[in-house]
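Student: Once you've had a glance at the structure underneath, I'll fire off some questions.
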Amino acid sequence: MNSTTTSEIDQVIRKIEEVEEDIRNVEAKIEEVEHKLGQDDLKESDIEYYREEKKQLRDKEKQLREKESDLRQERKPQMSNWLMDGRPPLHLNTKTDDELRVQQQSTLERVTPQYSPALVGKRELFKLKQDKKFITFEGKDDQPSILSNVEASELVTKCTDHQVVAFIMPYLQGIIWESGNNYFVYNSEEYKWVETSTETSAFNEKPDLLVSHPAFVKKKSPFKCNDENLKKMRRLNDRYGILAAWKLRSFIGLTCEAKQNISNSAFGEVINYGAHICHGRHGPTRTRLLLFDKKELWLIEIVNGGVSQVVRCKWTDGGSRTLLQEFILQNWLVKVIDQSCKQFGLAIECDSYLGSGAFGYVFKAKRVSDGKQLALKVTGWEEKYILRLELEYRRMEKAHLVCPEEVMGVEEDGFAVFEHGAAILLSDVGDHYSRLDPQSIMDSLKYLHQNRILHGDARLENVVCLNGKPCWIDFAESSFEFAPMSQAAECEQLRESILDRFRYNAL
Ligand SMILES: Nc1ncnc2c1ncn2[C@@H]1O[C@H](COP(=O)(O)OP(=O)(O)OP(=O)(O)O)[C@@H](O)[C@H]1O
């Protein structure tokens, strides 16, 4: 009889969970590096540096996945031993091995579809109709529609998908502004931004329009076209852009796809966009998409990666205007950003996403009164996040007074709590730490120590390059107690990460 114990199985399961967490962390780091690589103003040396960093992260990810697979193999005999013993393990997974393999595969490849979009669309439509979740909007004659009859008959004359997009863009923008939203419509027809795989970008997709707050958008220039009619239809104020970082996909207002005629294949394509958006660690539980053609629009709600409901309506249906306005997804981050801009007198445009960590999202912002560039760090409404941000603000203020060059400053009265979260205002926008001389980073940490400041989380991610020098951010864990042992440990932690990233042995 085997000698496997519950605690042995538990141990392996715990190890698997730990490795899964490590994989998620590495995935998040890769996402950050990909975001940095996507920036327009990179020097050749930066590109080379990020590519190398990405390669190292991918290698690490591969090793972790191998480890995960070994652990799963290790668990298999243990599980069957338990079953032979007639006693169930504590965490018996009811999934078969095949299901586990598919699940693991989907973590690897995200949700790259195995079937053609036409088949996906056809099957889903059948199911939705059966479940009465495919609803035709009844229309309310006394309420405004999206398009008038005249406008709708002009739309019918458009003879390419691009022209349908160009025609609809200003109407969609008008509807959004009318509802008081600070969202814009970005044309993303020719730019891939929906990630479909962690392994390759081969399947990346390009929905036609992205409706979003500008803070989450990376601006693009109008794509080239030879269609003279399309050129005439374009307006100077049309916006082009994509999501600035895949991590921001929870905050999309609406993702749109235009066709001349809605087909099963078009529906399948949109279902796949929705599944990809929801997938993965930072994916939202819910996302909303719009599929439209020259006659009608389908309002598609995706929950946990699957279609939960479709409402179909005509451009000229009374009440379609309000229906669409209410369909655009609102979120807490937009509310906190907008309230912060009001409170601190800021403007946030496209290309302002600086990064994010476990606790907050950071954006470049311009103070309207003097044009100064500042960094706004925003966190959600949970009490522990708000307290942490306030602590960070107070400690940074104190540390900056002692070491003004080495510690990022905070603006006076630069902390505020709102209904949906909180924000702090940092006095400068720094560049990536890769622009720094690695020894100078180590020296700056030692300088903090000499001034009895223990950073508390001395990772390279918490250093930015300001005026060519290292400047520390994220002081939530810092302390002002003199503790030589902790200082030594902190130096060692930083030294190791400098060695790892710069291949430089800092002293
Ligand atoms: N003033 C700034 N200038 C430029 N980039 C910044 C600035 N502040 C923050 N960032 C970027 O935003 C990222 C996240 O910021 P920060 O570390 O403060 O967030 P966090 O949620 O507290 O992270 P962590 O998970 O490390 O605790 C940083 O790694 C950095 O890339």
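Student: Could you rank the peptides 230-237, 171-178 by their average count of other C-beta atoms within 10 Å per residue, with the highest value first?
Tutor: Highest mean packing first, the order is 171-178, 230-237.
Student: Peptides 373-379, 145-151, 466-472: what's the order by average Cβ count within 10 Å, highest mean first?
Tutor: 373-379, 466-472, 145-151
Student: Here is a further query. With every protein chain present, what is the per residue accessible area of the chain (1.4 Å probe, Å²)?
Tutor: Spelled out: the 1.4 Å probe surface of the chain, per residue, equals 49 Å².
Student: Further question on the same structure: Using only Cα atoms, what Kirkwood radius does region 265-339 have, in angstroms?
Tutor: 13.5
Student: What are the lysines whose alpha-carbon lies under 16 Å from the alpha-carbon of LYS295, with same-chain residues fewer than 8 places away excluded?
Tutor: Cross-link targets: LYS158, LYS259, LYS314.
Student: Let me ask something additional. Using +1 on the beta carbon of Lys and Arg, -1 on that of Asp and Glu, and nothing else charged, what's the dipole of region 129-241 about the Cα centre, debye to 20?
Tutor: In debye, rounded to 20, region 129-241 gives about 360.
Student: What is the diffusion coefficient of region 350-481 in µm²/s, taking the Kirkwood radius over Cα pairs and the Stokes-Einstein relation at 4 °C with a viscosity of 1.567 mPa s?
Tutor: Taking Rh from Cα pairs, D becomes 87 µm²/s.
Student: Another question about this same structure. Cβ under 14 Å from ALA152's Cβ, ALA152 left aside: what net charge do those residues give with Lys, Arg +1 and Asp, Glu -1?
Tutor: Local charge sum for ALA152: 0.
Student: Quote the relative contact order of region 284-385 in percent (integer), defining contacts as alpha-carbon pairs under 8 Å separated by 6+ residues.
Tutor: 15
Student: What do you get for Rg/Rh of region 146-194 when both radii come from the Cα atoms and Rh is the Kirkwood radius?
Tutor: 1.02
Student: Then there's this: How large is the helix-only mean residue ellipticity at 222 nm for the chain, computed as the sum of -39500 (n - 2.57) over DSSP H runs with n ≥ 4, divided by its residue count, in deg cm²/dmol to the nearest 500?
Tutor: Calculated mean residue ellipticity at 222 nm is -14500 deg cm²/dmol.
Student: Quote the Stokes-Einstein diffusion coefficient, in whole µm² s⁻¹, for region 393-442, based on the Kirkwood radius over alpha carbon pairs, a temperature of 10 °C and a viscosity of 1.306 mPa s.
Tutor: Translational D for this selection: 126 µm²/s.
Student: Here's another thing I want to ask about it. To the nearest 20 debye, what is the magnitude of the charge dipole of the chain about its Cα centre, counting +1 on the Cβ of each Lys and Arg and -1 on the Cβ of each Asp and Glu?
Tutor: The dipole of the chain has a size of about 1120 debye.
Student: For GLU190, what is the net charge nearby, where nearby means another residue's Cβ is under 15 Å from its Cβ and Lys, Arg count +1, Asp, Glu -1?
Tutor: +2
Student: I need the calculated FRET efficiency for the pair LEU236 and LEU499, taking r as the beta carbon distance and R₀ as 41 Å, to the nearest 0.05.
Tutor: It comes to 0.20.
Student: I would also like to ask the following. So for the chain, taking the charge dipole from beta-carbon charges (+1 Lys/Arg, -1 Asp/Glu), which of VAL417, TYR49, GLY274 sits furthest toward the positive end?
Tutor: Going by the Cα projections, it comes out as GLY274.
Student: Contact order normalised by length for the chain, with contacts defined as Cα pairs under 8 Å and 6 or more residues apart; what percent is it?
Tutor: 12
Student: Rounded to a whole number, what % of the accessible area of region 318-413 do carbon and sulfur atoms account for, probe 1.4 Å?
Tutor: 51
Student: Taking +1 at the Cβ of each Lys and Arg and -1 at the Cβ of each Asp and Glu, which of LEU401, ASN25, VAL334 sits farthest along the dipole of the chain towards its positive end, judged by Cα position relative to the Cα centre?
Tutor: Checking the options against the dipole of the chain, the answer is VAL334.
Student: Could you point to the residue in GLN325, PHE344, HIS213 farthest towards the positive end of the chain's charge dipole, with +1 and -1 charges on the Cβ of Lys/Arg and Asp/Glu respectively?
Tutor: GLN325
Student: Specify whether the C-alpha gyration tensor of the chain places it in the rounded, prolate or oblate class, a ≥ b ≥ c being the square roots of the eigenvalues: rounded for a/c under 1.5, otherwise prolate if a/b is larger than b/c and oblate if not.
Tutor: Judged from the Cα gyration tensor, the chain comes out oblate (a/c at least 1.5, b/c at or above a/b).
Student: How charged is the neighbourhood of GLU382? Take every other residue with its Cβ under 14 Å from the Cβ of GLU382, and add Lys/Arg as +1 and Asp/Glu as -1.
Tutor: Net charge in that neighbourhood comes out at -1.
The values are calculated or read from the model by the stated rules, or taken from the named source; none is laboratory data. Note that the coordinates shown come from a computational prediction; the quantities given were computed from them, not determined experimentally. With ideal geometry, Cβ positions are generated from the backbone for all residues, glycine too; neighbour counts draw on all protein chains shown. Side chains are part of the model used for accessible areas, which takes the heavy atoms of the whole protein and leaves out ligands, DNA and RNA. Shrake-Rupley method; radii C 1.70, N 1.55, O 1.52, S 1.80 Å.
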